[in-house]
2 protein chains.
Amino acid sequence: VYALAGGGSSAARAEAMHDTKMRPGEVALAFDPAETAGDARLVFIGRAETPWPDRDSCPKNIRQAREAGRPATLLIDPPWRPGLEGLEAGQAIVVLLWMHQARRDLILQAPRHRETPAGVFALRSPVRPNPIGLAVVTILEIDREAGSIVVDALDCADGTPILDIKPWIASVDLPPSPAS
Amino acid sequence: VYALAGGGSSAARAEAMHDTKMRPGEVALAFDPAETAGDARLVFIGRAETPWPDRDSCPKNIRQAREAGRPATLLIDPPWRPGLEGLEAGQAIVVLLWMHQARRDLILQAPRHRETPAGVFALRSPVRPNPIGLAVVTILEIDREAGSIVVDALDCADGTPILDIKPWIASVDLPPSPAS
């Protein structure tokens, strides 16, 4: 599917946004993910390999997953592997996942740990309008050529699609004031 | 568009995933966002009102936005407002945004603050395969009926679509070991 995407309209789109500038050393893909995925459409960059075969076996959260002491692996597909340059073992990252098995229509939810229902935006449930999961984890090992990143833990099911990886940065990712 | 989405296939989809259980007090939307948005397709739940009219005027990051001392407002569209139940002023939240003005095809990038180019996944640039921005902010005021949430700062352009709001929770959102 990547080979079918032409470069012409990608360039036109970039120009329309006044965003054609590239600096020395920068490399553009041969295709525009915006076009293979559509507008506000996601492209999966890989899959998570985790110890949890299905949702029922998943830990309740990343803390429980961590307590299980079983690492997980992010497998990044070939087109995206150059994007791993600069990530190192020991580094903390934010992983965004597409919780593909979650329904999206529950606006109020009643998790077991709460006495009363709460709005979806007050909960970390994978069930949400856009089922994007967020995990802050540490890189234990990384093989950029193989697109393989071993992290300390993940609480999602084996095979969950990966949307993004970002470096975790204390000066931007800590809340501005004390919070629980 | 919401009114056009039937409930039948939504129920069928939930049943196929063995996820038909609802607990007392839970409320399902009349439509399934998975169907209005498509598979791995995003639905915008609102827009951010920020002091920055365009990308060029945006602060470089949330820390700089915070130093500017200018709050921002999350405006949530009517269908999603019940999902705000349980969010309170003073609480820290994670906001996921769709960086709609960003191109998506730069796999290596050379930001001014770095001596050498780096992979997109080692950077916090809004330019990425799936241009999802992440901001950890504090709620200053919230009006759930009006769908309005004033937060201490945001570094994105005015009008940026909102994808999700999650409560920030120290026990899951802090990295497991010291990191910068």
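The values are calculated or read from the model by the stated rules, or taken from the named source; none is laboratory data. Worth saying up front: this structure is predicted, and the values here are computed from it rather than measured. As a convention, Cβ positions derive from the backbone with ideal geometry for all residues, glycine included, and neighbour counts pool all protein chains shown. Calculation scope for accessible area: heavy atoms of the full protein, side chains included, ligands and nucleic acids excluded. Shrake-Rupley method; radii C 1.70, N 1.55, O 1.52, S 1.80 Å.
Placing a label point 7 Å from Cα along the Cα-to-Cβ direction at A:Glu115 gives distances to the equivalent points in the other copies of 5.8 nm, listed shortest first. With its label point put 7 Å out from Cα toward Cβ, B:Gly159 sits 4.2 nm from the same residue's point in the other copies, in order from shortest.
Excluding ligands, DNA and RNA, the accessible surface per residue across the range B:35-119 is 47 Å² with a 1.4 Å probe. If you wrap the Cα atoms of the range A:60-123 in a convex hull and average its projected area over all directions, you get 6.8 nm².
What is the distance in Å between the Cα centroid of the range B:53-105 and that of the range A:57-108? Going from one Cα centre to the other spans 23 Å.
What sits nearest the axis between copies A and B, counting only chain A Cβ atoms, is the residue and whole-Å distance A:Arg41, 3.
For the range A:110-154, dividing the convex hull volume of the Cα atoms by the residue count gives 101 Å³ per residue.
As a calculated quantity, the FRET efficiency between B:Leu75 and A:Arg63 at R0 = 35 Å, using C-beta atoms, amounts to about 0.60. Given labels modelled 7 Å from the Cα in the Cβ direction, how far is it in nm from A:Glu88 to B:Ser125? Here the answer is 2.0 nm between the modelled labels. The alpha carbon gyration tensor of the range A:90-180 gives principal lengths a ≥ b ≥ c with a/c of 1.5 or higher and a/b no greater than b/c, which makes the shape oblate. Shielding value for A:92-103 is 4, the average number of Cβ atoms from other chains within 10 Å of each residue's Cβ. Each residue of the range B:115-127 is assigned a 3J(HN,Hα), and the resulting list reads 7, 10, x, 9, x, 4, 7, 9, 10, 9, 3, x, 7 Hz, derived from the Karplus form 6.51 cos²θ - 1.76 cosθ + 1.60 (θ = phi - 60°), x at Gly and Pro. Inter-copy label distances for B:Glu67: 4.1 nm (label point placed 7 Å from Cα along Cα→Cβ; shortest first). Just the number, please: buried accessible area between B and A, total of both chains, 1.4 angstrom probe, nearest 100 square angstrom. Summed over both sides, the interface buries about 8000 Å².
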